[in-house]
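Below: one structure, written as structure tokens.
The values are calculated or read from the model by the stated rules, or taken from the named source; none is laboratory data. This one's a predicted model, so the numbers in the text were calculated from it and none came from an experiment. We place every Cβ from the backbone using ideal geometry, glycine too, and count neighbours over all the protein chains shown. For accessibility, only protein heavy atoms count, side chains too; no ligands or nucleic acids. Shrake-Rupley method; radii C 1.70, N 1.55, O 1.52, S 1.80 Å.
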Amino acid sequence: MSDSIFVQYIWLVPAVSLLAAVITAIAGNRWLKQQAWLPCMLAAAFGAVWSALALVVVAQADEPVAFVPVLEWLTVSDLRVAYELLVDPLSALMLFMVTFVGSLIVAFASWYMAHEEGYARFFSEVALFLFSMTSLVLVANLLMLYVFWELVGLCSYLLIGFYYTRPCAAAAAKKAFVVNRIGDFGFALGIFLIWVTCGTLSYRQVLAVDQGLQQLTAAGPAVLTTVCLLLFCGAVGKSAQFPLHVWLPDAMEGPTPVSALIHAATMVTAGVYMVARFTPLFAQAAGVGTVVLVIGCVTAFIAAFTALTQTDFKRILAYSTISQLGYMFMALGIGTVAGAVAAIFHVFTHAFFKALLFLGSGSVMHATGGELNVWRMGGLRKYLPVTHWTFLCAALALAGFPLLSGFWSKDAILATVWQASGAATQLAGAVGLITAALTAFYIGRAYFLVFWGEPRDRAIEEQVEHYVRDEAHGPPEPLIMKAPLIVLAVGSVLVGAVIALAFGGLVPFLAGAYGVEPLAHATAEHDAHGHAWGMMLLSAVVALAGLGLAYVFYGQPSPWPDRLAEQLAPLYRISVNKFWLDELGLILVVRPMLAIAAACRVLDNVLVDGLVHAVAAVPAWFARLALRPMHNGLVPFYALAMLLGLAVILTLVLFQIQGG
Amino acid sequence: MHWLLLIAVVQPALAAIAVGLLPLSRGQSRAVALGSSLVSLVLTVILCLKFDPQAAARAQFVWAVDWFGEGGVRFALGVDGLSLWLLPLSTLLTVVAVLSSWESIRDGARGFYALLLLLETGMLGVFAALDIVLFYVFFEFTLIPLFFIIGIWGGPERRFAAVKFLIYTFAGSVLTAAGLLYVLVAHYNEHGTWTFDIATLVYQTTIPTEAQMLLFLALFAGFAIKVPVFPFHTWLPLAHVEAPTAGSVLLAGVLLKLGTYGFVRFSLPLVPGACHEAFPWVATLAVIGVLYGALTAMAQEDIKRLVAYSSISHMGFCVLGLFSLNHQGIAGGVLQMVNHGLATGALFAIVGMLYDRYHTRMIADYSGMARIMPRLAVLTMVVVLASIGLPGLNGFVGEVLILLGAFKASWVAAMLATAGIVLGAYYMLTLMQRAFFGEVREPLAGEHAESAGDLRWHELAALIPIVAACFWIGLWPRFFVERMAPAIDVIVNRSTQVSRNESTSKVIRLVRRAPSPEARGS
Amino acid sequence: MPVEFVRNYLIISSVLFSIGAAGFVARRNLITMFLSVELMLQGVALSLVAFGRAWGNYHGEVFALFVIAVAAAEAAIALALVLVLYRHRHSLDVFWWQQLREPGTTPPVPEPVEEAEVSTEVHWPKLPPAGIEPVREKETIDVG
Amino acid sequence: MVSIALVAAACSAAAFLLALPRGQIGTGRLIGYALGGVALLLIWLLLDAVPGRAGLTVITYLAGAFAIVAAFLMVTRRSPVASALWFAASVVSGAVLMFAAGAQFLGAATVIVYAGAVIVMFLFVIMLAQQEGWAPCDREAHEAPLAALTLLFLLVALLGAAARYRPAGPYVPKPQQQYVSSVAAIEQKPHTAGLGALLFSEHVVTIEVVGTLLLVAMVGAVVIAARRLIVPPPEDATNVG
């Protein structure tokens, strides 16, 4: 398999994106003005096609893992860091997802960002993001993974801070980067620990059962657990899990295509990909599985619960992303290959419908002139038909409407969670089901509030009508915008079913990545299916219940939402205030740090500087005290001093000589 | 080809004398200064390209002549793996310094540029010196021009800052002189011959175990103050705040490296046993320096002070890397010296440019500068990202190597130092957010409206090469690391050799004679 | 000359010299200080003579002779100075002349007070000043 | 011997301390004098007889003792006149010692120059610089304890050295260049003639120098002490005196 050109030249995908980024950055403003999106689009499209073909090659190959060395980046005696790519089912799948969804979003963005001020800058940063994301999923060296991990963080910083003149955007960008850095802090330490224990950073050795894994386990149980926990810490930072998820809702300050591409489909899944990639390590590490499970579960529930009462359209979707990521980490927490495969399956389907949801919100925002408050919109289905129908498909998929892709992937996760033994997993399964219901409810709420009912705000309604009728800036829903929506809608409807039925839930395909006999595994999987039918039924019922409730509450004007809000006032307040996590973070982390900083500053001026001046003052003080009064101007005193000195010395010398 | 180094080092001094004596106008003197520094830059770049990587442990381009009579002190210049990259750094930053003070220095420009060129010779001399006395002469000589630059063209409190800087640094380096003298004597006692060549002294002298720690402390005193290591840093913020832009660029860019260069040239190879012993508390000081520098930087209002404390934090990294005494640590330390020089030099130049336009350094005064000066904003963004160690730029390579080395030495120190990176990201990006992003508000708008244009040619010419160097080191570090690796191997072998013997509590002389000094044959 | 002779003279001259030195340091009256200096010179001259005799040649005495000559010259100049100083402050007290003191330091000895002081004991002989009738008015006794 | 020297030094220092005029006139001085006597006795112990020259020994003891007592009193007397007179006494006894040592010319010169001229000059100055009653400077010694300490150390050093003075053997004068007169030649002549011969052979230049020195001193003294400036000062010079 490694001889096929698609695998051998897989490095072309990131290379082309990098080239596009450089070209757009240099030539963007001056020559490409309106066509600045083309290089990025071409790169993404080329990447999509190339990775699709690579995926096909990998799928057919019997020995699906191939290492593609590209260049030696840095060698210092025993440290060898090489830009070496690994093509195997997992990375090929992720690569295809990133490039395919990426190209659709870039197409949409070319329309959406058409009249923005930094048009070329946007597309060069997106191209740079595609380069770093594709490299991240392909690279086969832990340090290079860290390099692109940080580069992806940089791109999200630049793109969130795209409207840099808006203070809240700048603050959100900084917050995103710093929180990511906190995650990377743990990730870096994990890498260092691996390097110190295994002496190498290349996946080839670290993931090899006989070498890396054996050295890690040999180094004692604590080392492997610490390594996995530290790596997971990086994943928590990047994929916005419980303690470090505060940056994702603020990241919505960036333009919507960015939210779709980075903060929904690709970057946030980097953490899931990394944990999936290192599942062999996580499986061996005692206790780490439960930590991942718990964190995933807590994140899923909190995010879903907060999303219930959010008024900002994009923030609802942001919390929904966090919640879905929580699901994926729940699956990964099981620690089995099945769990990892389920998580990746969900990543794949989630990319489609979440990207579609965001693009839908983008087109809505475009129509309402940047208005995001869900309560001020309403009845937009008349004006934006394509957006409405595609949004509906995505919403149903997210809610887990039977037979749609969300249903299959979420069900796979819930199935693996329920099958796994242990009390924690049973509890997690229950929470998973509740969260599924909440998911269905809040996405239904968002859908009905935005698209159904009567427009609640006159100003917004005129704005939308004016937008739809006025041909000045082209049709409300031009083809370049509709095409990606439709493709994504088809994807979010069919992908789940196709994969679940035709490819056996990706299990045989991805098993190759973990060096497990695909066949043996498949059979084990099959008999478990019987039990799964019950699970499918249950999750379908839960989804429909959620959607129905949402229709009851928001489909048509009803007093229920307000009445419920009063009765469950405390819960409502918790949800609206997002569990006060932002404020907690401020009080527990940021304020003390700034206080310590101020203390350090004062300490520096007073203590350390004072100490130095004190040392410098000692000689001056001694002179003033002892030496200066000696000169009192009296001749006899001077004579006395001289004579006494002479006499004493004379005595000493004479007695010394005489051997006295 | 050995004259290449000689001319690069001596030529600025001749130009300085010319600028000083001839009655040149402001324009002429700055033109001569720019010309001379450019010549040096070109020469050092050629030197780096012609440098033979395999023989990096041995001094190349050696030019030696007897200075104090026969067989005694020699005026010997040469470059080896350790000092190779510091030469182009010094010449590049001098060019940047000349360019960044193109418009800002009005009165006494002739004297200013003469001193700047003298400082360049001093810096290059320290890095290229092969003779211990010549090293110390240049080591002290660099203080004088900078003292006058800060003292005459500085800010309001310049005299106090200049005096404090001079005395503080000089007090430390006097102890170092004592240390170096002891080495000479120790060598004489052991071999019976007087030699002043650094390579022979450092690699062939056996320091008796009881004197090792004492010698280490003596050397540490001088170099630690210059680095500056944590408790000895209070002169730096004051000197930077008061120094003119060019002074700050060179002070932060190169003079701080004299300390770490001293460590790597003398302390590490000479008394490795003591370095092992001292690692715990040196690492603590370094880590405190990292965290303390970062935290104090966070609380600063004045940009220059913020950058000064950030350079304390970065140099803390350097020291941590050097004293971890393994290949990665030392390679990271040496590389971080160059990286920090580039990043902080550029930052100070940028602060200088802002100061020339608005005559204020308070962060609170600036907001939304990116809209007014997009080119400056882009360049500042790159330099800020380089200084917080973002992959793809030079800071990352240095810091990762240091942290890997430090982690091998002691995981606690590495963990705390990595926390330093997070703090670094916080205060640097806060600076970017508050000064360059957010809604546009020019400090004292209108009064300086005309000069508030985006970067002029001389400012661009100053920053572009640095940014290019940052990308080059960040994207292709092999080129740099492999040229210093052999020199570092010698140090690491000596320290592992000694530490292995240390366990037998008897220091035996290094069996494999260190690279025979080619210093004799020119 | 036998060694005992030389030793005796050395002892005597060293005692004279030491007393002279101590005197110069202890006394505050200018004239007494100069007298002490003269005494020191006399002590030295004596020891020179002793050594001259010990070596049995005249060099000791020649040297002593010149010592005496120089002492005389020095006495002349010194006394002239004393007169000038006396004219300034009408007192021979050496504490008047403290200009050498470091500015700002507190004077160790309080500036001597102008008023003269009568002790109960009358000491004769007292040479009446040239032609001026001594005026005797009431003075306070300052308790030390 | 050295211990005696040390005790002698201690006693004389104590005596000096007590005898010095320090404000109140009290019993202190008497004790001082007593201690001075003890010190004198101890110094006498230090001196030892010159074999074969009984006369010389007696004179040395007496004149030496008298010189020391006179010096002691000169320094401790409150009235400057008394000091001057005691100084004269001390010089005379010094001269006697010089005569005993055979240096007649020098003895005579001392008496004439010192006892005669210098002391008289001092008395004249005392007369000119007349103060009413006890000037404060006479009643209060300056830093008496430290002065006594100086005396102690000086005496310890010098007496200690003198007491241990044991030349190895008879003096062997170094071979001097024979200018004009050989040592032996000088030896036969009577003392003063010999001294004169030496003076005017080797030290002719010195004699001239000393002569001019005395002349300069005399002119200097006159210029300094003169009330009216003989030479009118240049206009801008500040008027002195």
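Data for the structure
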quantity: Condition check for D:Ala39: hydrophobic (A, V, I, L, M, F, W, C), crowded, with 22+ Cβ neighbours inside 10 Å and within 28 Å of C:Val6 (Cα to Cα); calculated: yes
quantity: Verdict on A:Gly491 being in a helix (DSSP H, G or I), modelled with pLDDT under 75 and surrounded by 14 or more Cβ atoms within 10 Å (Cβ to Cβ); calculated: no
quantity: Scan of segment D:58-107 for residues that are in contact (Cβ under 8 Å) with a residue 40 or more places away in the chain, hydroxyl-bearing (Ser, Thr, Tyr) and facing chain C (nearest Cβ under 7 Å), ordered by number; calculated: D:Thr60, D:Ser79
quantity: Residue within segment A:184-194 that is under 19 Å from A:Leu230 (Cα atoms), open to solvent by less than 20 Å² (accessible area, probe 1.4 Å) and over 19 Å from the mean Cα position of the chain (by Cα) present; calculated: yes
quantity: Index of the failed condition, C:Gly60 passing every other in (1) within 29 Å of D:Leu149 (Cα to Cα); (2) more than 7 Å from every other protein chain (Cβ to nearest Cβ); calculated: (1)
quantity: Hits in segment B:454-463 (condition: open to solvent by 50 Å² or more (accessible area, probe 1.4 Å) and either under 20 Å from the mean Cα position of the chain (by Cα) or among the charged types (D, E, K, R) (or both)); calculated: B:Arg456
quantity: Test for A:Ala424: is it touching a residue at least 40 places away in the same chain (Cβ under 8 Å), open to solvent by less than 10 Å² (accessible area, probe 1.4 Å) and part of a helix (DSSP H, G or I); calculated: no
quantity: Residue list for segment A:144-156, restricted to those being hydroxyl-bearing (Ser, Thr, Tyr) and open to solvent by 10 Å² or more (accessible area, probe 1.4 Å); calculated: A:Tyr146
quantity: Matching entry among C:Ala80, C:Ala76 (being assigned to a helix (DSSP H, G or I), within 30 Å of D:Leu198 (Cβ to Cβ) and within 7 Å of another protein chain (Cβ to nearest Cβ)); calculated: C:Ala76
quantity: Count of residues meeting criterion [of a type outside the set (Ser, Thr, Tyr) and under 14 Å from D:Thr76 (Cβ atoms)] in segment D:1-22; calculated: 10
quantity: Restricting segment A:161-176 to residues that are facing another protein chain (nearest Cβ under 7 Å) and open to solvent by 10 Å² or more (accessible area, probe 1.4 Å), the residue that is nearest to B:Ala425 (Cα to Cα); calculated: A:Lys174
quantity: Some residue of segment A:103-120 being in contact (Cβ under 8 Å) with a residue 12 or more places away in the chain and within 14 Å of chain B (Cβ to nearest Cβ); calculated: yes
quantity: Matching residues, segment A:534-588, being crowded, with 16+ Cβ neighbours inside 10 Å, out of contact with any Ser or Thr (no Cβ under 9 Å at 6 or more places or on another chain) and of a type in the set (S, T, N, Q); calculated: A:Ser539
quantity: Tally of residues being of a type outside the set (S, T, N, Q) and either within 7 Å of another protein chain (Cβ to nearest Cβ) or not in a helix (DSSP H, G or I) (or both) across segment B:422-445; calculated: 13
quantity: Residue among A:Ala82, A:Ala114 that alone is open to solvent by 10 Å² or more (accessible area, probe 1.4 Å) and small (Gly, Ala, Ser); calculated: A:Ala114
quantity: Test set (1) more than 9 Å from chain B (Cβ to nearest Cβ); (2) open to solvent by 30 Å² or more (accessible area, probe 1.4 Å) - A:Gly220 fails condition number; calculated: (2)
quantity: Residue within segment B:317-325 that is more than 14 Å from chain A (Cβ to nearest Cβ), closer than 17 Å to B:Gly424 by Cβ and either part of a helix (DSSP H, G or I) or among the charged types (D, E, K, R) (or both) present; calculated: yes
quantity: Where a residue in segment B:134-155 is more than 25 Å from B:Arg106 (Cβ to Cβ) and its partner, wherever it lies, is part of a loop (DSSP other than H, G, I, E, B) and open to solvent by 10 Å² or more (accessible area, probe 1.4 Å), with Cβ under 9 Å and at least six apart; calculated: B:Leu134/B:Trp67; B:Leu134/B:Phe196
quantity: Test: D:Ile59 is touching a Leu at 6+ places or on another chain (Cβ under 9 Å) and under 27 Å from A:Ala647 (Cα atoms); calculated: no
quantity: All positions within segment B:179-226 that are closer than 24 Å to B:Val62 by Cβ, open to solvent by 10 Å² or more (accessible area, probe 1.4 Å), of a type in the set (Ser, Thr, Tyr) and in contact with a Leu (Cβ under 9 Å, 6 or more places away or on another chain); calculated: B:Thr195, B:Tyr203
quantity: Selected residue [charged (D, E, K, R), under 17 Å from the mean Cα position of the chain (by Cα) and assigned by TED's automatic domain parsing to the domain that holds D:Ile112] from D:Arg77, D:Arg53; calculated: D:Arg77
quantity: Selected residue (criterion: modelled with the lowest pLDDT) from residues of segment D:19-36 that are open to solvent by 40 Å² or more (accessible area, probe 1.4 Å) and in a helix (DSSP H, G or I); calculated: D:Thr27
quantity: Counted residues, segment A:16-54 - those being of a type outside the set (A, V, I, L, M, F, W, C) and surrounded by fewer than 21 Cβ atoms within 10 Å (Cβ to Cβ); calculated: 5
quantity: Count - residues of segment B:401-411 that are open to solvent by 10 Å² or more (accessible area, probe 1.4 Å), touching a residue at least 24 places away in the same chain (Cβ under 8 Å) and more than 7 Å from chain A (Cβ to nearest Cβ); calculated: 2
quantity: B:Ala64 being of a type outside the set (D, E, K, R), modelled with pLDDT under 95 and within 21 Å of B:Leu89 (Cβ to Cβ); calculated: no
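Each row is one residue, and each column tells you yes or no for (1) surrounded by 11 or more Cβ atoms within 10 Å (Cβ to Cβ); (2) under 29 Å from C:Gln99 (Cα atoms); (3) facing another protein chain (nearest Cβ under 9 Å).
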| site | (1), (2), (3) |
| --- | --- |
| A:Pro619 | no, yes, no |
| A:Pro636 | yes, yes, yes |
| A:Leu640 | yes, yes, yes |
| A:Leu646 | yes, yes, yes |
| A:Val653 | yes, no, yes |
